[in-house]
Amino acid sequence: MQSATIQPAQLATNTTRPLAPRDYKSDLPPIWCPGCGDFGVLSALFKALSVCNLDPTRTGIVSGIGCSSRLPGFVAAYGFHGVHGRVLPVATGIKSARPDLNVIGVGGDGDGYSIGGGHLPHAARRNPDITYLIMNNNTYGLTKGQVSPTSMVPLASVGAKMDPKRWKTTPYGNTEDFINPIAMAIAYDCSFVARGFSYKPNQLADLLVEAIQHRGFALVDVFSPCPTFNQDQTDEFYKHRTYDIPAEHDPTDRAAAFALACDTKGYPLGVLYKHTTKPSIIEEQAAVRERLHGLGAMEELIKRFE
Ligand SMILES: Cc1ncc(C[n+]2csc(CCOP(=O)(O)OP(=O)(O)O)c2C)c(N)n1
Ligand code: SF4
């Protein structure tokens, strides 16, 4: 069932004055390694928050565990540094309880696609009005460089030797193939799917603005290299293999979006897919609440707990 009208997200904006990117900086300086891609992501997020003029007192940034998941501490807004892989249940819960708040989830590819990967299809079908920013460095950075679901390293069966200096935890070879997270998200009918690159912070800021303004669940996968533990998917690797999505791409065409996501010649950057009429759990929950009020059931329930 699809609703007929296309609504932009209702954002809680700052009403006193326009806020600059620096207004969203917390007192805590980021403690990432020099050259970490997450710096570029953070600066793009500051810019996007400023463009949307989000009210920091009505904005929550939710993360899991990992280097990337430290991000909420660096933003002057409400932060929830939670449990590994549980960004989406927490973010969905906050948005369900307080639809008036802006909710942004952040974390790594390990957090979001490995231990937390099972939450993705359900977030896609529930379609809560939240943005989920995944800093994809193709490794588990915080735990010192294990193979993650997006590590593009050869499998042991093809005889490729892992460089033990690079991939210390798999010195005899990698036994697990990698996934394509944006193709997966489009297959799940996630209502907004985009990909950015931390070395293109202006483009990334634009993508984040569009994701925040999207009414529904917006996934933004960002290549954010880890120079300390991943010497394979580096900034140079992506600089040579990424390209901007051509202007003629229609993001509402799901088949075209899927084909783009599966491109084997390079990695497209930009908005791949946008489903603007998908129902959202937040509106469905509001409809249920209204019905319960109409029946007097809500008041009865509240009385029982008074
Ligand atoms: C339940 C649980 N399992 C495992 C860990 C150990 N652990 C902490 S961070 C992490 C992976 C981090 O990788 P990723 O999410 O990609 O973030 P990055 O550090 O690369 O930014 C793991 C396995 C944990 N903290 N909790
Ligand atoms: S280990 Fe990698 S992901 Fe973690 S802060 Fe250092 S460069 Fe960034």
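Readers should treat all values here as calculations from the given coordinates under stated rules, not as data from a laboratory. Since the structure is predicted, the reported quantities are computational estimates derived from the model, not experimental observations. Ideal geometry is used to build each Cβ from the backbone, glycine not excepted, and the neighbour counts take in all protein chains shown.
Of note:
- Pairs of lysine residues in the chain - Cα separation under 13 Å, sequence separation of 8 or more or cross-chain: 5
- Comparing Cα centroids, the stretch 43-74 and the stretch 251-306 end up 22 angstrom apart.
- Simple label model, 7 Å out from Cα along Cβ direction - D27 to E284, nm: 4.3
- DSSP-defined beta bridges in the stretch 29-164 - what % are antiparallel, rounded to 5: 5
- Each Lys and Arg adds +1 at its Cβ and each Asp and Glu adds -1 at its Cβ; summed about the Cα centre, the chain shows a dipole of about 460 debye.
- With neighbour counts taken as other beta-carbon atoms within 10 Å, the residues C36, C67 rank, fewest first, as C36, C67.
- Charged neighbours of G82, selected by a Cβ distance under 14 Å, balance to +1 (K, R count +1; D, E count -1).
- FRET efficiency for T16 and E236, using Cβ-Cβ distance with R0 set to 51 Å, rounded to 0.05: 0.70
- The GNM of the chain, with springs linking C-alpha atoms under 10 angstrom apart, assigns the highest mean-square fluctuation among E248, E284, E176 to E248.
- Sparsely packed trypsin sites (Lys or Arg not before Pro) within the stretch 106-174, loop by DSSP, other Cβ within 10 Å at most 16: K144, K161, K165, R166, K168
- Inter-label distance, nm, simple model (7 Å from Cα along the C-beta direction), R166/A259: 3.3
- Additional length obtainable on full extension of the chain from A97 to M298, 0.36 nm per residue less Cα span: 70.9 nm
- Each residue in S280, S50, S191 was given a count of other beta-carbon atoms within 10 angstrom of its own, and listing them fewest first yields S50, S280, S191.
- The chain shape via C-alpha gyration tensor axes, a/c threshold 1.5: prolate
- Relative contact order (percent, whole number), the stretch 68-204, Cα cutoff 8 Å, 6+ residue spacing: 19
- Dividing the summed helix terms, -39500 (n - 2.57) for each DSSP H run of n ≥ 4, by the number of residues in the chain produces a 222 nm estimate of -9000 deg cm²/dmol to the nearest 500.
- Phi-derived couplings, Karplus 6.51 cos²θ - 1.76 cosθ + 1.60 at θ = phi - 60°, listed residue by residue for the stretch 281-293: 4, 5, 6, 5, 5, 4, 5, 5, 4, 4, 5, 5, 4 Hz, with x used for Gly and Pro.
- The trypsin sites (Lys or Arg not before Pro) found in the stretch 259-303 that occupy coil by DSSP, while having at most 14 further C-beta atoms within 10 Å, are K265.
- Seen from G73, the other residues with C-beta closer than 14 Å to its C-beta sum to a net charge of 0, counting Lys and Arg as +1 and Asp and Glu as -1.
- Spatially, the stretch 128-180 and the stretch 185-205 are offset by 20 Å when compared through their Cα centroids.
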